[in-house]
Every structure is written in structure tokens, then in C-alpha cells.
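Asker: Got a structure for you, questions after.
Here, each number is a calculation from the coordinates, and none is a lab measurement. Computed from a prediction, not measured in an experiment: that's the story for all the values here. Cβ: placed from backbone, ideal geometry, glycine included. Neighbour counts: every protein chain shown.
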């Protein structure tokens with residue numbers, strides 16, 4: 001079945017550590033996105049990528065980094081520079097064309113301990 | 001910068017009643033989309049309405065779009081317990097998709 005897979009589902013990080021969240025899709029989508037969701041809040045865009053080896057900052061990119069070495073994969077690293085990383089992280093993908101929907105993974109809940 | 005703002009923030013209705021949620025946005029759009037999120041899960045796409053469309057239906061869902069008022073509404077008819085979720089509008093600024101804060105819908109038995 002085609003879809004988008006995020007792993008792990010739950011992740012615990014000690015302060016000062018970097019952690020990487022995985023996002024893989026087999027939908028042959030060109031565009032991929034990372035969003036952050038805080039409790040009771042909407043989604044805020046961290047980074048997005050339209051093609052391999054290219055990505056752009058969203059509204060809240062500080063303290064995060066991404067790579068897009070393969071079309072299928074768009075990992076997100078939460079660095080120690082991110083002061084408040086505890087949140088629910090959602091990855092999405094879509095076709096690179098107008099009027100198309102986004103497909104979401106099931107999310108990774110990151111907690112700083 | 002969140003483009004869409006949903007109203008109300010929370011809504012509780014009896015099963016079988018209709019639920020209406022509204023979304024206002026700030027600038028011109030290519031299309032407007034509605035998504036549903038069950039607690040602790042990813043978002044699921046419900047319906048997309050293009051900027052040149054005024055109304056669209058999908059099953060029990062009806063979406064309207066008024067570009068002159070920069071607003072959209074989502075109507076869920078004959079609500080069911082399974083409709084309990086958060087609903088988000090999203091505006092398409094290709095390549096970005098910008099989401100609002102959502103409406104939390106609770107269907108009472």
C-alpha cells in the first residue's frame with residue numbers, strides 16, 4: 001500500500017541532544033513537508049522541499065535541520081538549539097502541482113526529559 | 001504566519017445534528033482544503049475547493065467558498081460519534097500549505 005511513514009511514534013530526548021525523526025513516502029510525491037503541532041494548536045510549517053537536494057525554511061525553522069538526498073525520504077533533525085522541542089511532529093507529502101491534497105504520516109511525539 | 005482561522009474553536013453537538021465550521025483567510029488563494037485529525041493521529045484530507053468554485057459536496061460534507069469575503073464553511077450533516085475530531089482548513093500557497101488552528105468537534109451521544 002502506498003503511504004507515508006513516520007518513525008518512531010514516540011521519542012524521548014535529553015536536553016542538549018540532537019534527535020532525528022524519520023519520514024519516508026512511497027507515493028512518488030515530489031513535495032514533502034514538516035509541521036510542528038503544540039497541544040490544542042494548529043500546524044506550523046518547519047521546512048518543506050519541492051525536489052531532491054533542495055529545501056526551504058518555513059515559519060519556525062530555527063533549531064531544526066533537514067535533508068532531501070532521496071525523493072522518498074525527508075528526515076528532520078531537532079537540534080540542541082531548539083529550546084522548546086516537546087511537540088507532535090507531522091510529515092506530509094504532495095504532488096508538485098496545483099490543486100492537490102497533502103498526505104500525512106501518523107506523527108512523532110517528541111518529549112524532552 | 002497562520003493564514004486560516006477557524007471558528008468556533010470548539011463545538012459540541014448532539015449526534016444526528018448538523019455541524020458547521022467556518023474558516024477565514026487573509027490573502028488570495030489557489031484553493032482551500034479541509035482536513036480532519038483524530039486525537040494523536042495524522043491529518044486526513046476531506047475536500048478541496050478551488051478558488052473559482054462556490055460549493056462542493058462529498059457524502060455528508062458540504063463546503064462553501066466566498067472569495068469576496070475570504071471565508072469558507074464546512075457543514076457536516078447528520079453527525080455521528082465517529083465525526084468527533086479536530087477539523088482544519090488549509091490554504092494552498094504552492095509550494096506551501098498553511099493550516100489554521102482548527103475546530104475541535106465533539107459529538108455527544
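Asker: Scan the range B:65-109 residue by residue and report those that are away from chain A (no Cβ under 14 Å), surrounded by 17 or more Cβ atoms within 10 Å (Cβ to Cβ) and assigned to a strand (DSSP E or B).
Answerer: Matches in the range B:65-109: B:71, B:72, B:73, B:74, B:76, B:107.
Asker: Would you list the strands (runs of 3 or more DSSP E) that sit entirely within the range B:1-46 and hold 2 or more residues that are more than 13 Å from chain A (Cβ to nearest Cβ) and over 19 Å from residue B:65 (Cβ atoms)?
Answerer: Details: elements: B:5-7, B:10-14, B:19-24, B:31-37.
Those strands (runs of 3 or more DSSP E) span B:10-14.
Asker: Of all residues in the range A:70-83, which are under 19 Å from residue A:44 (Cβ atoms), more than 14 Å from every other protein chain (Cβ to nearest Cβ) and assigned to a loop (DSSP other than H, G, I, E, B)? Quick ask: steps written out before the conclusion?
Answerer: Going residue by residue through the range A:70-83, those that are under 19 Å from residue A:44 (Cβ atoms) are A:74-79, A:81-83.
Adding the requirement that they be more than 14 Å from every other protein chain (Cβ to nearest Cβ) leaves A:75-79, A:81-83.
Hits for the range A:70-83 are A:75, A:79, A:81, A:82, A:83.
Asker: From the set of residues in the range A:37-59 that are surrounded by 13 or more Cβ atoms within 10 Å (Cβ to Cβ) and more than 17 Å from residue B:95 (Cβ to Cβ), which is farthest from the other protein chains (Cβ to nearest Cβ)?
Answerer: If we take residues in the range A:37-59 being surrounded by 13 or more Cβ atoms within 10 Å (Cβ to Cβ) and more than 17 Å from residue B:95 (Cβ to Cβ), then A:37 is farthest from the other protein chains (Cβ to nearest Cβ).
Asker: For the range A:1-36, give me each residue that is under 15 Å from the mean Cα position of the chain (by Cα), assigned to a loop (DSSP other than H, G, I, E, B) and surrounded by fewer than 12 Cβ atoms within 10 Å (Cβ to Cβ).
Answerer: Result: A:9, single match.
Asker: Looking at the range A:84-105, can you tell me whether even one residue there is away from chain B (no Cβ under 14 Å) and within 15 Å of the chain's Cα centre (by Cα)?
Answerer: yes
Asker: Would you mention how many residues in the range B:52-64 are surrounded by 15 or more Cβ atoms within 10 Å (Cβ to Cβ) and in a loop (DSSP other than H, G, I, E, B)?
Answerer: 0
Asker: Testing residue A:88 on (1) part of a loop (DSSP other than H, G, I, E, B); (2) farther than 24 Å from residue B:31 by Cβ, one condition comes back false. Which one is that?
Answerer: The number of the failed condition is (1).
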